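No value in this document is a laboratory result; all are computed from the given coordinates. Owing to the predicted nature of the structure, the values given are computational and were not obtained by experimental measurement. Cβ sites come from the backbone with ideal geometry, for glycine too, and all protein chains shown count toward neighbours.
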Ligand code: MCA
Ligand code: AMP
């Protein structure tokens with residue numbers, strides 16, 4: 001999968017640490033030797049070179065890497081580790097960048113699990129998405145074909161390394177295609193970079209001067225959440241670039257991408273990648289309906305959850321994305337929203353309303369809780385919690401409780417104390433009456 005490691009083309013910088021191609025291959029080889037024979041290895045994926053080396057080492061050994069958010073709270077991490085049952089957990093202190101060993105020759109079937117990545121659903125704990133090497137390679141090669149992504153490119157980003165965007169596209173993509181990779185602590189211009197990846201919040205937060213310093217690049221890419229038109233316009237005015245959008249889910253990896261040489265505007269996420277099929281389910285008069293996708297980039301299923309896997313696939317093998325869109329005459333997809341209001345996208349992170357409600361209900365002062373995603377100029381959506389309490393409690397205490405129990409990005413940005421939640425005759429909370 002990581003062909004550039006073998007060919008000696010990879011050269012990676014993470015923060016202040018740079019490894020030449022040879023040093024990287026040696027350090028990855030050392031991890032691979034150590035984890036040889038293990039099925040699943042969890043990697044606490046902080047934004048360090050050690051995390052990149054650990055994930056690459058597990059993959060080179062033919063194992064399945066399970067990235068873990070370094071900021072995940074006690075409850076979230078315990079659930080993940082119970083479900084994933086890894087043979088080993090690696091943190092960055094477990095990886096010595098000065099160790100060297102030969103890269104192993106590996107012979108595992110390409111449908112064996114390569115990654116297990118946890119993603120939120122509307123209710124319950126996040127589900128483990130099993131991704132095969134074949135799916136990862138199909139996605140990365142499809143993007144390379146769409147964008148002419150090669151070893152001549154220099155890729156820069158500041159994305160977290162425990163989700164598809166930063167890990168699969170942002171790291172494994174560079175290690176497969178041989179482009180030099182620079183991961184920075186904060187998103188901003190990197191001298192010599194030819195491709196930038198970021199979520200809309202990161203694009204929106206850049207100053208005009210930083211955008212103009214990105215003008216020499218050839219591709220500015222936005223993904224993971226809806227790109228607001230004003231952000232698209234400001235990036236174009238300040239950098240001269242029209243942002244290229246691509247679209248996907250953890251379950252499908254990236255399935256469509258805008259092509260750099262074709263017309264585009266905010267919300268146009270492009271045509272399907274190689275061998276990916278796309279269709280709109282039950283379109284209305286305007287052609288809008290749920291986006292269904294099929295093809296080689298799809299996941300193998302949710303770990304330990306055959307019912308959830310079956311529920312998300314049609315009998316013919318199409319993945320129900322939960323996203324609403326239309327397909328234009330040229331085959332390009334335009335996204336128009338989402339079906340499930342209980343799935344919140346905040347700063348590009350997917351957060352299930354149910355898991356935040358469960359965390360709030362675990363606090364002794366909370367009697368009832370309902371969580372909604374409200375429009376937010378910076379984050380796209382802001383997590384808001386509507387709470388009925390048994391006894392008075394400061395809002396920040398509840399915010400900190402969720403941040404500590406789950407992860408800081410899942411914390412409510414607003415707590416609204418109410419006397420009661422609006423419910424229908426069946427007792428179900430009517431979230432659209434909140435606000
Ligand atoms: C932390 N903070 C708190 C608390 N905990 N404040 C109050 N109470 C707390 N309990 C503070 C921190 O100290 C920090 O402060 C600040 O909150 C962080 O602000 P926040 O807005 O939470 O985050 P951010 O750091 O500003 O993050 C914005 C971000 C981030 C950088 C855009 O959301 C991000 O990295 N998003 C990327 C998500 C992503 O990669 N998604 C891909 C999913 P201070 O700043 O003062 O230190 S994969 C996917 O979706 C598919 C496949 C796809 O299409 O890619
Ligand atoms: P995740 O579960 O974190 O993998 O997030 C997948 C979701 O991110 C998709 O179902 C979409 O709602 C959203 N998404 C990804 N890329 C885009 C994009 N370019 N524009 C709008 N939404 C996107």
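Rounded to the nearest Å, what's the spacing between the alpha carbon centres of the stretch 213-253 and the stretch 134-159? Just the number, please. That distance is 15 Å.
Quick one: work out the % antiparallel among DSSP beta bridges in the chain, nearest 5. If you can, show how the numbers build up before the last one.
Details: 50 of 79 bridges.
If I count the DSSP bridges inside the chain, around 65 percent turn out antiparallel.
Using the Cα gyration tensor of the stretch 155-208, with a ≥ b ≥ c the square roots of its eigenvalues, what is the shape: rounded (a/c below 1.5), prolate (a/b larger than b/c) or oblate (neither)? It comes out oblate by the Cα gyration axes.
Once the Cα atoms are used to define both axes, helix 133-147 deviates from the longest principal axis of the chain by about 80 degrees.
Angle of helix 49-60 to the longest C-alpha principal axis of the chain, folded into 0 to 90 degrees and rounded to 10: 80°. How many angstrom separate the Cα center of the stretch 1-79 from the Cα center of the stretch 161-187? Using only Cα atoms, the two centres lie 12 Å from each other. Plainly put, the stretch 94-166 has a radius of gyration that is 1.02 times its Kirkwood radius, both from alpha-carbon atoms, as the Rg/Rh ratio. The residues 163, 241, when put in order of fewest to most other Cβ atoms within 10 Å, stand as 241, 163.
Return the whole-Å distance between the Cα centroid of the stretch 306-372 and the Cα centroid of the stretch 392-418. Comparing the Cα centres of the stretch 306-372 and the stretch 392-418, I get a distance of 21 Å. Here the stretch 1-78 has an Rg and Dmax of 13.0, 42 Å, counting Cα atoms alone. Counting beta carbons within 10 Å around each of 411, 259, 432 and listing the fewest first gives the order 432, 259, 411. Per residue, the convex hull spanned by the alpha carbons of the chain comes to 148 Å³. With only Cα atoms counted, the stretch 51-116 has Rg and Dmax values of 13.3, 38 Å.
Mean separation of Cα pairs under 8 Å and 6 or more residues apart, divided by the residue count, gives the chain a relative contact order of 13 percent.
The overall shape of the stretch 13-58 is oblate: from the C-alpha gyration tensor, with semi-axes ordered a ≥ b ≥ c, the ratio a/c is 1.5 or greater and a/b is no larger than b/c. The C-alpha atoms of the chain define a longest principal axis, and helix 21-35 lies at about 60 degrees to it.
With a ≥ b ≥ c the root eigenvalues of the C-alpha gyration tensor of the stretch 126-232, is it rounded (a/c under 1.5), prolate (a/b larger than b/c) or oblate?
Details: a/c = 1.87, a/b = 1.33, b/c = 1.41.
Here the stretch 126-232 falls in the oblate category.
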